[in-house]
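The values are calculated or read from the model by the stated rules, or taken from the named source; none is laboratory data. All figures in this text were calculated on a predicted structure; none of them were measured in a lab. With ideal geometry, Cβ positions are generated from the backbone for all residues, glycine too; neighbour counts draw on all protein chains shown. For the accessible areas, the whole protein counts, side chains as well, though only heavy atoms, and no ligand, DNA or RNA atoms are used. Shrake-Rupley method; radii C 1.70, N 1.55, O 1.52, S 1.80 Å.
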There are 2 protein chains.
Amino acid sequence: MSKRITQQTYGERSKNYTNPAARRLLEIMDRKKSNLCLSIDVTTTEKILNIVDATHVDIIEDFSEEFITRLRQLSDKYDFLIFEDRKFADIGNTVVHQYSRGIHKIASWAHITNAHPLPGPGIITGLASVGLASGRGLLLLAEMSSAGCLAKGSYTAAAVQMAREKRDFVIGFIAMQRVETLYPPMDVAKASADPGAVEDFLIMTPGVGLDVAGDAMGQQYRTPHAAVYESGSDIIIVGRGIYGKGDDVEEMKRQAERYRQAGWEAYLSRLQTIAQ
Amino acid sequence: MSKRITQQTYGERSKNYTNPAARRLLEIMDRKKSNLCLSIDVTTTEKILNIVDATHVDIIEDFSEEFITRLRQLSDKYDFLIFEDRKFADIGNTVVHQYSRGIHKIASWAHITNAHPLPGPGIITGLASVGLASGRGLLLLAEMSSAGCLAKGSYTAAAVQMAREKRDFVIGFIAMQRVETLYPPMDVAKASADPGAVEDFLIMTPGVGLDVAGDAMGQQYRTPHAAVYESGSDIIIVGRGIYGKGDDVEEMKRQAERYRQAGWEAYLSRLQTIAQ
């Protein structure tokens, strides 16, 4: 029988995927010894380019094609993927336009994006009709980190099931834990046909912080160790923990390295745990 | 005891609200004899201005401040409100930026917008911190019209409850039926303190069509009569039913008038129904 997903290295796991964005992401993580996704919620392109990463294009005041060109150059130069945390949440026909068109043309430059499973499977069909041909990957929001969130229980179970129906495009989940283990495939006969096969989804976890407990609008934080070691998350998403202390670039670099190290050590500890 | 909401005219109901966007919307509906919300999913500003309404700014290729200025002029000239169907779906801190900033600066021109209750009450707190001071109104997506949608049962009940906690800003729901009647207030003692008071929420219903049953990506349609008369909806949202037959402006006008009439007749029939 194969090793459990949480006991496989990121490098080993890249072979579990056919989706090119997922494979490349896992290879980069392995090579750079980093499971940190830096989430930048600032509102000008210059600030973003200074920090060399980006998220949330829809809050940028001076978005332009020039910005995207420069961002893609930096993505090649520094070997990272671009994840646009767009949180699509509309019906299939509408997300086709939102993903491919408008001022942002997300599909043309974001290797990975995400969507709420809320509208039903049509949202995945719509996004896949745009992104699959160019090797893009999609994460489904199966859970969120905010207080009073409604994505739980049967909602999360439905999200996992939807992802299973479209494995070539859905590469994982935004979640607080290994939701695919929590909600195993219902079709046991199908699963047991290949007992050695282990299902692999990327778990990306928001709400990770080392110094704070929450904000005034319901965001809640956990440590990298809690996310990666205790809950089996693969990638920690950190925003304000890194850039929230002002414009001092050296301080941001220090914080980014601090989080990279905490996330990576939690991953190494996890690999060393004896399989149950 | 007051008349049930579905037996009150839109004009009468405008007095049930403190929110200026809701009051103005109901007054306009009464004056113009229309409960039709025209939803335009096209991708250039010129097309939109030609049809004199707008939605989904994030799919527009040539969005500009000039466009917004012209749209607002048309809104004054033709006496309609602008509803940006943005479907916010992120945590409070992020939606603050998405609503107020970026290229679109939605709060500065959209009288009404909408949000998924999914992230929890923080999303309402965040949006209200931007929109309340300038008299904006928010609709919560309590249900959707697409196949396999997860917004149902306890999810919908939680959406209604969240709306009740912020009545000055949340003016109603995107829903297929009168969800506030389906999920009455849990605090009966509080409700019975004023037995004559009737809770008023605007119900706006998508997926309304006279000629079609659905699309290839899960959208499902019902008639204006089914939405307004049978399910108690207040406003029908019609998109492709009106502009989906090509660029012929006369044909669009004909279809818009056809839907306006169907929606208004269903409303008049509803008013004449004897209260149960």
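For A:Phe88, what accessible surface area do you get with a 1.4 Å probe? Give it in Å², rounded to 10.
Accessible surface of A:Phe88 is approximately 0 Å².
List the residues of the range A:140-176 whose accessible area drops by at least 40 Å² when all protein chains are present, compared with their chain alone, using a 1.4 Å probe and counting only protein heavy atoms.
A:Met144, A:Leu150, A:Tyr155
Please give the solvent-accessible surface of B:Glu199 in Å², to the nearest 10, using a probe radius of 1.4 Å with every protein chain present.
My reading of the accessible area for B:Glu199 is about 60 Å².
Near A:Lys32, which lysines are there with a Cα under 20 Å away, not counting those fewer than 8 places off in the same chain?
Within the straight-line limit of under 20 Å, A:Lys32 reaches these lysines: A:Lys15, A:Lys77, A:Lys253.
I need the inter-copy label distances for B:Asp247: point set 7 Å along Cα to C-beta, values in nm with one decimal, smallest first.
Nearest to farthest, the other copies are at 4.7 nm.
What is the magnitude of the charge dipole of the protein assembly as shown about its Cα centre, with +1 placed on the Cβ of each Lys and Arg, -1 on the Cβ of each Asp and Glu, and no other charges, expressed in debye to the nearest 20? List each step's numbers first, then the result.
Working: 64 positive and 68 negative charges, 154 e Å.
It comes to approximately 740 debye.
Please state, to two decimals, what the Cα-based radius of gyration of chain B comes to when divided by 2.2 N^0.38 Å (N = residues).
On the way: Rg = 18.0 Å, N = 276, 2.2 N^0.38 = 18.6 Å.
With N residues counted in chain B, Rg over 2.2 N^0.38 Å equals 0.97.
For the range A:59-148, compute Rh as the Kirkwood radius over C-alpha pairs and then the Stokes-Einstein diffusion coefficient at 25 °C and 0.890 mPa s; write the answer in µm²/s, rounded to an integer. Each step should come with its number before you reach the end.
Values: Rh = 13.9 Å.
For these conditions, the coefficient is 176 µm²/s.
Quick one: pull the percent of accessible area on the range B:67-181 belonging to carbon and sulfur, 1.4 Å probe, ligands and nucleic acids left out.
Working: 1690 of 3290 Å².
The nonpolar share, carbon plus sulfur, comes to 51 percent.
Work out the charge dipole of the protein assembly as shown with +1 on the Cβ of Lys and Arg and -1 on the Cβ of Asp and Glu about the Cα centre, then indicate which of B:Ile174, A:Val198, B:Pro119 is farthest towards its positive end.
A:Val198
Write down the Å³ per residue value for the convex hull defined by the alpha carbon atoms of the protein assembly as shown. Kindly include the intermediate steps, with their values, before the conclusion.
Values: hull volume 87.7 nm³, N = 552.
Value for the protein assembly as shown: 159 Å³ per residue.
How much area per residue is accessible in the range A:5-273 when the probe is 1.4 Å and only protein heavy atoms are counted (Å²)?
On the way: 10370 Å² over 269 residues.
Accessible surface, normalised per residue, equals 39 Å².
Using the Cα centre as the reference, give the magnitude of the dipole from point charges on the C-beta atoms of chain A (Lys, Arg: +1; Asp, Glu: -1; all else neutral), rounded to the nearest 20 debye. Write out the running numbers ahead of the final one.
Details: 32 positive and 34 negative charges, 142 e Å.
Rounded to the nearest 20 debye, it is 680 debye.
Pick out, from B:Ala110, B:His97, B:Leu74, the residue whose Cα sits farthest towards the positive end of the charge dipole of the range B:73-133, with +1 on the Cβ of Lys and Arg and -1 on the Cβ of Asp and Glu.
Going by the charge dipole, the pick is B:His97.
Eigenvalues of the Cα gyration tensor times 5, then square-rooted: what semi-axes does that give for the range A:81-198, in whole angstrom, largest first?
On the way: eigenvalues 123, 59, 31 Å².
In descending order, the three semi-axes are 25, 17, 13 Å.
Ordered shortest first, which distances in nm separate the 7 Å Cα→C-beta label point of B:Thr181 from those of the other copies?
Label-point separations across copies, in nm and ascending: 4.8.
Mean residue ellipticity at 222 nm from the helices of the protein assembly as shown, using -39,500 (n - 2.57) per DSSP H segment of n ≥ 4 over the full residue count, to the nearest 500 deg cm²/dmol? Please list the in-between numbers first.
Values: 22 runs with 210 residues, N = 552.
Roughly -11000 deg cm²/dmol at 222 nm, from the helical runs in the protein assembly as shown.
Taking the label point 7 Å from Cα in the Cβ direction, how far apart in nm is A:Lys15 from each other copy of itself, listed shortest first?
Spelled out, the distances from A:Lys15's label point are 7.6 nm.
Explain nothing, just the number: relative contact order of chain B, from Cα pairs under 8 Å at least 6 residues apart, as a whole percent. Mind showing how you got there, number by number?
Working: 466 pairs, mean separation 55.4, N = 276.
Result for chain B is 20 percent.
Considering the rotational relationship between chains B and A, which residue of chain B contributes the beta-carbon of minimal distance to the axis, and what is that distance to the nearest Å?
B:Ala89, 2
Would you check the accessible area of A:Glu250, probe 1.4 Å, heavy atoms only, in square angstrom rounded to 10?
The accessible area comes out at roughly 100 Å².
Positive end of the dipole of the protein assembly as shown, charges at C-beta (+1 Lys, Arg; -1 Asp, Glu), about the Cα centre: which of A:Ile236, A:Ser145, A:Ala256 has its Cα farthest in that direction?
A:Ser145
For the interface of chains B and A, what total accessible area is buried with a 1.4 Å probe, rounded to the nearest 100 Å²? List each step's numbers first, then the result.
Working: alone 13230 and 13230 Å², together 22460 Å².
Chains B and A together bury approximately 4000 Å².
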